[in-house]
Amino acid sequence: MVNLPRHFGKASILPKTYFILLLAVIAETIGTTALQASHQFTRFWPSALVVVGYGSAFYLMALTLKVMPVGIVYAIWSGLGIFLIALIGFLVFGQKLDWPAILGLVLILSGILIIHLFSSTAGH
């Protein structure tokens, strides 16, 4: 973790950091959804949205790395992204989820909650 300036308390920075990380997850989810809609980059606007979505996601994720460790940031970013993409795949693209897939998604969300609520490494 990066040492924070003395005039910044962790309590004041972390909610903002989590918000930025959530925006990164949303941007990545938009980029991945657009990737499916781009039909292997044969449609211009969805393809452009892929580039903007992923570019924004990585930029925003990089901002959170100033405050939180990379392993925690990446675990939250990828875990929430997996869950949201699976949900969008089911709702928007009609992709089916069987019980093992649903159980796996529940375990991913459980892992994110455990990190957030109980890990001192998460920076809170």
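The number of residues in region 29-63 that are within 20 Å of residue 94 (Cα to Cα) and assigned to a helix (DSSP H, G or I) comes to 10. Evaluated against (1) under 26 Å from residue 114 (Cα atoms); (2) open to solvent by 30 Å² or more (accessible area, probe 1.4 Å), residue 54 falls short on exactly one condition, (1). Report, by residue number, each residue of region 73-106 that is open to solvent by 80 Å² or more (accessible area, probe 1.4 Å) and among the polar types (S, T, N, Q). Result: 95, single match.
Of everything listed in (1) within 15 Å of the chain's Cα centre (by Cα); (2) more than 13 Å from residue 30 (Cα to Cα); (3) part of a helix (DSSP H, G or I), the single unmet condition for residue 81 is (2).
The values are calculated or read from the model by the stated rules, or taken from the named source; none is laboratory data. Given the structure is predicted, the values throughout are model-derived calculations rather than measurements. Keep in mind that these areas ignore ligands, DNA and RNA; they rest on the heavy atoms of the full protein, side chains included. Shrake-Rupley method; radii C 1.70, N 1.55, O 1.52, S 1.80 Å.
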